[in-house]
1. With the cut-off at 20 Å, tell me which of the pairs 8/74; 74/107; 107/185 have Cα atoms farther apart than that.
2. Just tell me which lysines come within less than 30 Å, Cα to Cα, of residue 192; anything on the same chain fewer than 8 places away is out.
3. Roughly how big is the chain's charge dipole about its Cα centre, with Cβ charges of +1 (Lys, Arg) and -1 (Asp, Glu), in debye to the nearest 20?
4. Report, in debye and to the nearest 20, how large the dipole of the range 262-316 comes out about its Cα centre when Lys and Arg carry +1 and Asp and Glu carry -1 on their Cβ.
5. What accessible area per residue comes out for the range 51-205, rounded to a whole number of Å², with a 1.4 Å probe?
6. Please report, as a whole percent, how much of the solvent-accessible surface of the chain comes from carbon and sulfur atoms (probe radius 1.4 Å).
7. If R0 is 25 Å, what FRET efficiency do you get for residue 214 and residue 259 from their C-beta distance, rounded to 0.05?
8. Using the per-residue mean of other Cβ atoms lying within 10 Å as a proxy for protection, in what order, highest first, do the peptides 209-217, 152-160 fall?
Amino acid sequence: MNGNRFDKLKAMLTQVNALDPTAPGREALEARASGRTAGVTFDAVRTNIEALEARVALESLDAVRTGRGLDADKQFALEAIVMPYYRPVVDVLDDYIVTTQLTDTWKELGADARRQWTTDRLLAVGRINVPGIQYAGTGFIVGPGLLMTNRHVAGFFAEGLGTRVQFQAGAKAAVNFYHENRGTKSEALEVKKVRMIHPWWDMALLEVQGLPPTRKPLALSTADPATLAGRKVVVIGYPGYDPDGDAEFQRVQSRVFRDLYYVKRFQPGHFRARAAVESYGRSVNAVTHDCSTLGGNSGSAVIDVETGDVVGLHFGGTYLVANYAASPFDLAQDSRVVDAGVNFVAPVSPRADLYDPVWAQAAAGAPEAAAAGA
């Protein structure tokens with residue numbers, strides 16, 4: 001295991017408290033390793049963890065804490081057994097989560113009192129499909145007949161920038177709110193218009209018609225992200241197979257996502273601090289989270305578990321480092337996004353100094369110029 005990868009893994013394990021011997025998860029690992037599984041939920045259905053694997057996982061955690069080296073098996077145990085305990089990937093079936101796949105750390109999300117809360121949010125998230133490509137990404141309802149997704153997702157079927165946008169010649173797109181593992185339901189609605197491709201953020205707005213009243217717009221938080229660090233969040237979207245990465249990453253991906261891709265998943269984690277990341281030739285000041293995601297999660301909603309509001313539009317990530325999202329707090333500072341009808345919780349002061357110049361560039365058809373982050 002190269003030093004850079006080990007350092008990243010150790011930092012991530014520290015971030016999720018996996019290296020704390022008193023943190024949730026250690027007891028479950030020890031029970032599984034000894035065969036004492038009664039009364040302990042360790043996601044046995046999802047990961048089929050055998051006693052030997054659990055023992056390797058425990059040994060791996062101890063090796064990291066004491067500064068000893070890791071062989072390939074111990075590295076795999078940390079990435080594919082320990083990390084998914086703290087950041088699981090949960091199936092959705094019939095508009096609800098498969099609660100047996102929630103680990104102890106997250107079992108509260110499967111409580112009966114949360115069932116309607118969870119279902120309401122799952123109903124608002126769909127998979128964007130494009131004929132000839134099939135899967136483009138994820139989108140979620142943010143206003144009457146209005147869907148938010150990523151600019152790079154819309155790029156599969158749309159062209160232009162700002163509000164001077166249109167479908168590519170002959171292109172079509174639809175959003176299907178199901179595509180669940182083992183699910184039989186389907187509800188697809190045609191994308192009628194591309195309303196906006198944002199010139200700064202990796203964000204696009206699409207118009208769909210025929211949304212039933214059960215599929216309600218999500219509320220987008222306008223809280224300053226600095227006040228949200230450490231909050232529990234959940235990503236809802238459609239993680240797709242990631243062909244990039246080395247053999248070790250491919251092995252971990254296969255295990256964590258159980259070789260199931262492009263289906264609706266519920267992926268809990270924590271909201272983290274801002275970080276600069278390159279997006280369309282610019283450095284943007286994104287918000288971050290540490291949910292277990294893949295490239296197909298592009299356009300997913302990052303939802304605050306406490307308030308139920310969207311706190312991020314997921315647009316990318318770097319394995320073992322961070323996942324990146326556009327903050328609704330920042331989007332709400334652009335009056336053009338507000339005027340489009342996005343369901344923001346509360347108004348915030350507009351930021352013309354940032355957005356007016358890039359919109360002017362988009363209107364003029366000028367090339368995008370690199371600039372400092374927002």
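1. Values: 8/74 15 Å; 74/107 27 Å; 107/185 26 Å.
Result: 74/107; 107/185 exceed 20 Å.
2. In chain and number order, the partners are 172, 216, 264.
3. Details: 39 positive and 42 negative charges, 74 e Å.
Taking the Cα centre of the chain as origin, the dipole is about 360 debye.
4. For the range 262-316, the charge dipole is close to 180 debye.
5. Working: 5820 Å² over 155 residues.
Averaged over the residues of the range 51-205, the accessible area is 38 Å².
6. Details: 7730 of 15010 Å².
That fraction is 51 percent.
7. Values: r = 32 Å, r/R0 = 1.27.
Calculated value: 0.20.
8. Numbers: 209-217: 13.6, 152-160: 20.2.
Highest to lowest by the protection proxy: 152-160, 209-217.
The values are calculated or read from the model by the stated rules, or taken from the named source; none is laboratory data. For clarity, every value in this text was computed on a predicted model and none was experimentally measured. Backbone-built Cβ (ideal geometry, glycine too); neighbour counts: all protein chains shown. We work out accessible area using only protein heavy atoms, side chains counted, and drop any ligands, DNA or RNA first. Shrake-Rupley method; radii C 1.70, N 1.55, O 1.52, S 1.80 Å.
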